[in-house]
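The values are calculated or read from the model by the stated rules, or taken from the named source; none is laboratory data. Everything numeric here is computed off the predicted structure, so don't read it as measured data. Methodologically, a virtual Cβ is constructed for each residue, glycine included, from the backbone with ideal geometry; neighbour enumeration extends over all protein chains shown.
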């Protein structure tokens, strides 16, 4: 329990200590320096995420790092085992990332601003029209060069097994005609399972599979493509 207390104390205190850097981000935003802001926010988020993972005792191994596209934007489609999945990906995928996040995340002070700097999109899963708008916004940002992460299960798995994917979860990549990068996260449930507050050390594997072109003629139907991606992610569990 001591580790858990230290982790939550650090989580809150570090956000406060990052306030001066937040002002730098605001300056870049005001000046319209979007590329500089993206890289700046990701660098801070990556360092912060690695510190959170370290305090939690997560030992993270990345397999398939060579599959990460270097010269084009992409959509990571990943399974979701734990609240740590976001800092795990931020700390270990070496390209700037933004997330499709649940609308409730906007209620966390300071964190919300950093996520806005990174161009994260907040989605209300209970509002169909807002969800469609979020997908369209994500497609536009993919076209502009931002990389995104989506968890198509919609919520964390209770037992670590892959759940059904929500319909429309990959449509932003199909609209933008960008690559989809299937990623399997295995073991993060051991760090903090759904419904549990206690944080425990765990060995985690992040498997980056080969990218798939969203406009591949073999997957001209979103349902077929979704099932293909799901089977790839499941193969790593």
Inset, instruction - Within the stretch 142-149, identify whether any single residue is in a strand (DSSP E or B) and at pLDDT 90 or above, and answer yes or no. - result: yes
Inset, instruction - Could you please find all residues in the stretch 55-67 being assigned to a strand (DSSP E or B) and surrounded by fewer than 19 Cβ atoms within 10 Å (Cβ to Cβ)? - result: 59, 61, 62, 63
Legend entry - Residue among 16, 55 that is over 28 Å from residue 208 (Cβ atoms), out of contact with any strand residue (DSSP E or B) (no Cβ under 8 Å at 6 or more places or on another chain) and in contact (Cβ under 8 Å) with a residue 24 or more places away in the chain: 16
Legend entry - Residue list for the stretch 83-94, restricted to those being at pLDDT 95 or above and either in a loop (DSSP other than H, G, I, E, B) or under 19 Å from residue 144 (Cβ atoms) (or both): 84, 93
Legend entry - Which numbered condition residue 155 misses (of (1) more than 21 Å from residue 94 (Cβ to Cβ); (2) part of a helix (DSSP H, G or I); (3) in contact (Cβ under 8 Å) with a residue 40 or more places away in the chain): (2)
Legend entry - Within the stretch 192-210, tally of residues that are within 17 Å of the chain's Cα centre (by Cα) and buried (at least 19 other Cβ atoms within 10 Å of the Cβ): 6
Inset, instruction - Please work out which residue is surrounded by the fewest Cβ atoms within 10 Å (Cβ to Cβ), limiting yourself to the stretch 102-139 and to residues that are assigned to a strand (DSSP E or B) and modelled with pLDDT of 90 or more. - result: 122
Inset, instruction - Sort through 52, 15, 9 and tell me the only one that's in contact with a helix residue (DSSP H, G or I) (Cβ under 6 Å, 6 or more places away or on another chain) and either assigned to a helix (DSSP H, G or I) or farther than 17 Å from residue 202 by Cα (or both). - result: 52
Legend entry - Hits in the stretch 165-193 - residues which are assigned to a loop (DSSP other than H, G, I, E, B) and at pLDDT 90 or above: 165, 177, 178, 187, 191, 192, 193
Inset, instruction - Name every residue in the stretch 111-124 that is out of contact with any strand residue (DSSP E or B) (no Cβ under 7 Å at 6 or more places or on another chain) and within 14 Å of residue 154 (Cβ to Cβ), in order of residue number. - result: 124
